[in-house]
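The values are calculated or read from the model by the stated rules, or taken from the named source; none is laboratory data. All of these numbers come straight from a predicted model, not from anything done at the bench. As a convention, Cβ positions derive from the backbone with ideal geometry for all residues, glycine included, and neighbour counts pool all protein chains shown. Heavy atoms of the whole protein, side chains included, go into the accessibility calculation; ligands, DNA and RNA do not. Shrake-Rupley method; radii C 1.70, N 1.55, O 1.52, S 1.80 Å.
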Amino acid sequence: MADIIKLLPDSIANQIAAGEVIQRPASVVKEILENAIDAGATRLHLLIREAGKTLIQLIDNGSGMSETDARMAFERHATSKIRKAEDLQFIRTMGFRGEALASMAAVARVELKTRLQDRELGTRLQIAASVVENQQPVQAPVGTSLAISNLFYNVPARRKFLKSDAVEFRNILDEFERIALAYPEIELSLHHNDQELYALPRTQLKQRIIGVFGKNISDKLLPIEENTDLVNIGGYIGTVDACRKKRGEQYLFVNRRFIRSSYLHHAVRAAYESLIREEDHPFYVLFLDIDPARIDVNVHPSKHEIKFLDERIIYQYLRVACRHALGQYSEPVLDFEQPDRGMVHTLSTSAPPPGLKATINQAHYSESAIQQDWRKIYEGIKPEQSGQALVLGSNMSQAPAAPEEGADETFSPAPEKTPYQIHQSFIISPIASGFLLIDQEAAHQRILFDQCLKKLESQKGDSQQILFPTTLQFSGSDKALLLELMPGLKALGFDLEEFGQNAFIVHGLPVDWKETESIQAFIESLLRQTLEESDRKTNHRERLARHYARYQSIRAGQRLGAEEMQHLIDRLFACEDSAWSPFGGRCYTTFDLGEIRKKLK
Ligand code: ADP
Ligand code: MG
């Protein structure tokens, strides 16, 4: 039989290799961002079209490449970062395998423009499916611009496996955000389909975290800095208030490389033990700086996992560092010796004390217990008795008392208990043992959220027809996403219909829709939100309900009449989980007369 083994041509070998490195548009984004960082760039502009399926372009102000290097860069195993195997021990650069550019060039059209600082002219190079089509000198700014278009155009099987634009773009955002967090000193911008999504100036880590996650996080960050011989730990962890039901806001960087490690995640989680509920996840952006010789970054195709020589010790250090930060922050209220310290907290804080959830958890406090105990607050406890711990928290260490006969049916505060509004944001409602301070916005969000969930479940949201149907315009990718969200919107009472190429026509709105709100703006922000949340398949309904609640709720700063307030209070306490807003904040806090008297002595 004749010999049958043949060496594959480079173009095919590269395509096969690309399967490992370049799996989706986000992989391209990761590799080129890392290359620009390795090239010392301080400014990066990322431009994406159609979730990277048509275009991914990065413009950096890094070192640039010489004419020869520009050509070499696309050869397989061509790298400027290591020369011999031992160099891997000292690796501080993000890349080192020399595979990324070759892989991209094998499965897309690539255009490179690059210039070194000390050259007058730069180089332009065009490659498609590993074939160099054109190379010429060009005028170009110092640095590199790399455009990857029509990804997988020559590998239809792979292209077919790409997910919807929304999902692919979410993956791109993940990569972008990781780099943004790891390199606050680098200026970064991101455009998608000509829309600017991020413009992050160079700054410090804390500001960058706020730039990525929004202002809400700013007062929920606890700094960490712990230096040891083996590892330096830095960054921020979230307070218990920053905990979320969803995973995803956990960032661990080792030598500024984003990594996944369930073992080390566990270390952080362990620091929160008993502070947060089982199903909640702490927020963190943590940096470990370790001697590169004591880790192996070459064990995973996308380098998202690494091996540590001293994993156990690092685990301990990390846990202690986080515990320390949490402890410093919450010492005055976190009292582990007193499990029966209830939900009563001092008047000096209007915000819930940081350790609150800790005590709740320790006492095996269940949310439904809050609800059951609610009715008791309004039961006619005489003022003299109020020196006792507030009913709400007094029996936390025991099983919650069963509600009394009939207590379930009605919920009627005594008539003289008129609510007052202060700062047009909070409602003070007298109760037997003191008073409640209710956050009107959070409370209304809870009410709307619950209503929406019910509608989504029953699929029966009433709709009122509008007199003059309006049309809404969307981009192609937004339209695709909106179509996915349509059933939910319909269930809430939105009567929408596809209309022409990228337009929708609105025939009806939910009956309680506030007329002042723009439906286009509502849907657009819903789409943004959907893109931003990676777990969109799993909690579709909750997200929609949350969004509706946020958008339609009474706001802080809105004046309310006595009846409106009472109605709000009644509806709040008809909710199963009246204590918490759907965004994790508290809807109310209680003030106990006994405590107040003590304060005033
Ligand atoms: P690696 O990053 O593993 O070295 P790549 O295929 O990603 O491999 O890149 C190959 C080489 O091209 C790099 O080693 C670097 O010298 C050069 N290079 C890639 N991107 C840039 C850039 N944005 N600026 C300057 N040089 C670059
Ligand atoms: Mg690289």
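Quick check: with the 1.4 Å probe, what order do His540, His547 take by accessible area, largest first?
Reading off the accessible areas and sorting them downward yields His540, His547.
For the stretch 435-567, the spread of Cα positions along the three principal axes, ordered from largest to smallest, is 55, 37, 29 Å. Length gained on full extension, Leu600 to Glu185, computed as 0.36 nm times the residue gap minus the Cα-Cα distance: 144.4 nm.
Close amide H pairs (under 5 Å, H built 1.01 Å from N) link Val138 with Gly122, Thr123, Arg124, residues at least 5 positions away or on another chain.
State the percent of C-alpha pairs, over all pairs in the stretch 550-590, separated by a distance greater than 13 angstrom. Looking at the stretch 550-590, the distances longer than 13 Å represent 64 percent of pairs.
Take the stretch 10-202 with all the other protein chains still there, run a 1.4 Å probe, and you get 45 Å² of accessible area per residue.
Across the stretch 210-329, C-alpha contacts under 8 Å between residues 6 or more apart give a mean separation that, scaled by the residue count, equals a relative contact order of 31 percent. Using R0 = 35 Å, the C-beta based FRET efficiency linking Asn150 and Ala199 works out to 0.80. In this structure Thr516 has an accessible area near 120 Å², from a 1.4 Å probe over the protein heavy atoms.
Computed with the Debye formula from one identical point scatterer per Cα of the stretch 10-202, without solvent, the log10 of I(q)/I(0) at q = 0.14, 0.15, 0.16, 0.17 Å⁻¹ comes to -0.76, -0.89, -1.02, -1.16. Sparse packing (at most 14 other Cβ atoms within 10 Å of the Cβ) combined with a DSSP loop state is found for the following GluC sites (Glu not before Pro) in the stretch 85-134: Glu120. Here the spin labels are modelled as points 7 Å beyond Cα on the Cα-Cβ line, and at Val131 and Asn298 they lie 3.4 nm apart. The figure for Leu453 is an accessible area of roughly 50 square angstrom, using a 1.4 Å probe on the protein chains alone. Averaged over its residues, the stretch 210-329 has an accessible area of 45 Å² per residue, based on protein heavy atoms and a 1.4 Å probe. Amide H to amide H distances under 5 Å link Arg256 with Leu288, where only residues 5 or more positions off or on other chains count and H is placed in the peptide plane. The protection proxy used here, the mean number of other Cβ atoms lying within 10 Å of each residue, ranks peptides 224-230, 124-130 as follows, highest first: 124-130, 224-230.
Cα convex hull of the stretch 210-329: how many Å³ per residue?
Working: hull volume 12.4 nm³, N = 120.
Taking only Cα atoms, the stretch 210-329 has a hull volume of 104 Å³ per residue.
At full extension, Asp69 and Asn232 could sit 55.1 nm farther apart than now, given 0.36 nm per residue minus the alpha carbon distance.
Can you give me the % of accessible surface on the stretch 10-202 that is carbon or sulfur? Probe 1.4 Å, all protein chains present, nothing else counted.
Carbon and sulfur atoms account for 48 percent of the accessible area of the stretch 10-202.
Shown in residue order for the stretch 106-112 are the 3J(HN,Hα) couplings computed by the Karplus curve 6.51 cos²θ - 1.76 cosθ + 1.60 at θ = phi - 60°: 6, 10, 7, 9, 10, 10, 10 Hz (x for Gly and Pro). Rounded to 0.05, the FRET efficiency of the Asp570 and Gln117 pair, given R0 = 56 Å and the Cβ-Cβ distance, is 0.20.
The phi torsions of the stretch 146-151, fed into the Karplus equation with coefficients 6.51, -1.76 and 1.60 and a -60° offset, translate into couplings of 10, 10, 10, 10, 6, 4 Hz, rounded to whole numbers, with Gly and Pro shown as x. In this structure, the pairs whose alpha-carbon distance is over 26 Å, taken from Lys490/Lys514; Lys53/Lys113; Lys215/Lys303; Lys81/Lys113; Lys81/Lys303; Lys53/Lys215, are Lys215/Lys303; Lys53/Lys215.
Close amide H contacts of Leu188 (hydrogens built in the peptide plane, cut-off under 5 Å, sequence separation of 5 or more or a different chain): Leu44, Leu200. Cα extents for the stretch 52-121 along the principal axes, largest to smallest and rounded to whole angstrom: 37, 33, 19.
Could you compute the FRET efficiency for Lys514 and Arg49, with r as their C-beta to C-beta distance and R0 at 35 Å, rounded to 0.05?
0.50
Suppose a student asked you for the relative contact order of the stretch 10-202, using Cα pairs under 8 Å spaced at least 6 residues apart; what percent would you report?
The normalised contact order for the stretch 10-202 reaches 28 percent.
Accessible surface of the stretch 538-601, 1.4 Å probe: 52 percent of it comes from carbon and sulfur atoms.
Seen from Val21, the other residues with C-beta closer than 9 Å to its C-beta sum to a net charge of -2, counting Lys and Arg as +1 and Asp and Glu as -1.
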